[in-house]
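This report concerns only the one structure given below.
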Amino acid sequence: MPAARRKAPKLPVPETTDGAIALLGEFAAVQARIEHIEADRRSGRAAIDEAADRLAAPHEARLKELFNQLKPWWAVSGPEILGGRRKSTELGGCLIGHRMTTPKLGLGKMSVQIAIDTLTKHGWDDPCVRVKYEIDKPACLKMLSSDQARYLEELGFSVVQREEFFIDPLPMKKPATAEIYEPLVGEAA
């Protein structure tokens, strides 16, 4: 059985312009508070990232030193430890050895365009050269607002646009004499 739909509670609607202005003032104040909280969040994250970078820096430098000490040792001792059976082993709580990197295409001294031309010239363009198409939406919208619109419209293209309700708080011109503020859920007053 599907879950019953819950309807949003009915909210009182302002009956006068003054009532609407009061609600809009509260709307702007709540929006400003949210923006302040988000700014604090960004600032806090930046401070945490900076502190973590400072704390991790000496450890990262030490890791690099250890890696650079162990790499030449492994070049000499690794084959003896592995006995020619494998390329890596567990040792001292680490997996150490050699492994293959992810394959990458080498083009020699060719530029990408020369590589494409070479593949095409020798008949390898079908399996080895990719052509990517995408709709240039801004260009289509521009064409739909020009005298050539009928060509795209005949093909089924159109400009889709709708009107929507919005409220954008304006920047305050002078300091407020009273702050309209109620703590948000979970926020200390």
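The values are calculated or read from the model by the stated rules, or taken from the named source; none is laboratory data. Just so we're clear, the structure is a prediction, and the values are computed from it rather than from any experiment. Cβ: placed from backbone, ideal geometry, glycine included. Neighbour counts: every protein chain shown.
Okay, here's what the table says:
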read-out	value
Matching residues in segment 37-81 - criterion: being over 23 Å from residue 91 (Cβ atoms) and basic (Lys, Arg)	41, 42, 45, 54
Conditions (1) part of a loop (DSSP other than H, G, I, E, B); (2) of a type in the set (Val, Ile, Thr); (3) at pLDDT 90 or above; number of the one not met by residue 180	(3)
Which listed residue, of 32, 46, is small (Gly, Ala, Ser) and in contact (Cβ under 8 Å) with a residue 60 or more places away in the chain	32
Identity of the residue in segment 166-177, surrounded by 10 or more Cβ atoms within 10 Å (Cβ to Cβ) and not small (Gly, Ala, Ser), that ends up modelled with the highest pLDDT	169
Flag if residue 152 is in contact (Cβ under 8 Å) with a residue 60 or more places away in the chain and not assigned by TED's automatic domain parsing to the domain that holds residue 29	no
